[in-house]
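First up is the structure itself, then whatever we jot down about it.
The values are calculated or read from the model by the stated rules, or taken from the named source; none is laboratory data. These numbers come from a predicted model, not from an experiment. Glycine gets a Cβ as well: all are built from the backbone with ideal geometry, and neighbour counts include every protein chain shown.
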Amino acid sequence: MHFSVPPRGRYEIKLGLSQSPVHGRHSFSVDGEVASGAIDGYSPELRWQLASLGVFELREGDNTIQAEALDPNPSAERTSVAANTISRT
């Protein structure tokens, strides 16, 4: 996922992620820097979470968030991930 920041600086990055029976565990990185902790997207029903990836030094312009699937939650049907928002503060 790509996103832009106007001025270079330190920002907290948050993702709006869905949780469902088909979503698994993932680690995230921002511009190659690993975010703090894995995020488990499993839930027996569809719902939304706002997950903080941490604070990062971002360059002006284009930046990238990457997700990596981890060992699945034993209850999850798959290891899907779905993000609908990226916020920076």
Please work out which residue is modelled with the lowest pLDDT, limiting yourself to segment 33-50 and to residues that are of a type outside the set (Asp, Glu) and touching a Gly at 6+ places or on another chain (Cβ under 8 Å). SER36
Could you list, in sequence order, the residues of segment 68-89 that are polar (S, T, N, Q) and outside any loop (DSSP other than H, G, I, E, B)? SER80, ASN84, THR85, SER87
Output the residue which, of all residues in segment 44-70 that are over 16 Å from the mean Cα position of the chain (by Cα) and farther than 14 Å from MET1 by Cβ, is surrounded by the fewest Cβ atoms within 10 Å (Cβ to Cβ). GLU45
Can you spot a residue in segment 57-67 that is closer than 15 Å to PRO21 by Cα and part of a strand (DSSP E or B)? no
